[in-house]
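Right, one structure below, let's go through it.
Every number in this text was worked out from the coordinates using simple rules, so none of it is lab data. Quantities reported herein were computed from a predicted structural model and do not represent experimental measurements. When we count neighbours, we look across all protein chains shown, and the Cβ atoms used for this are built from the backbone with ideal geometry, even at glycine.
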Ligand code: DGI
Ligand code: FE
Ligand code: FE
């Protein structure tokens, strides 16, 4: 498929704003892939598709997860914002004709991250944080870190997420904690 096809694949599911976000993430992922010698085409594809089911109503997402046999842990059930990553990857594999495991895993882990991520997983995780449409306190620091070291940007992103979740008394997924610990241990 060419890049336009990926865009057309997600268009029916997404608002203008979320489609714009997806385009920005795809472009940033391609940039980071070029910078860190990942596959730019896979990065663009993962970026374009990563939030495909983000705007589906919760009940619809629960129904689809049931259909796909996805069983949620307590931490996952309590955090609906995590659902679209797991469900999106399952949907793209089973209904979207995406068979590339690297792309599917990058999408599967784009929200929580995880320990010992592949290069493409790190690229998508960081691109989702620093895409051109993002505005939040600390985004510039993350953008600078991402040009210097992908690992450093992953660590900063994980640290921000953990801090933000704890401040708001939200559950922290074990993959998020594992990603944070792994980053601390491996970022130089
Ligand atoms: O889909 P996006 O908005 O582009 O970005 P995303 O998929 O990275 O989702 C970000 C949201 O996910 C943000 O509100 C924090 C939340 N999140 C990330 N990790 C965890 C989490 N929420 C909980 N409860 N637990 C986590 O470990
Ligand atoms: Fe997302
Ligand atoms: Fe996103």
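With all pairs of different C-alpha atoms in the average, the Kirkwood value for the hydrodynamic radius of the stretch 74-135 is 12.3 Å. The share of alpha-carbon pairs in the stretch 57-161 lying farther apart than 15 Å comes to 65%.
Each part reduced to its alpha carbon centroid, the stretch 1-35 and the stretch 54-128 end up 16 Å apart. Take the Cα radius of gyration of the stretch 10-82 and divide it by 2.2 N^0.38 Å, N being the number of residues; the result is 1.31.
Quick check on the stretch 123-188: take the gyration tensor over C-alpha atoms, sort the square-rooted eigenvalues as a ≥ b ≥ c, and tell me if it's rounded (a/c under 1.5), prolate or oblate.
The shape class here is oblate.
Given in Å, the Rg to one decimal and the Dmax to the nearest whole number for the Cα atoms of the stretch 1-133 are 13.8, 40. By the count of other C-beta atoms within 10 Å, a proxy for reagent exposure, 185, 19, 120 are ordered fewest to most as 185, 19, 120.
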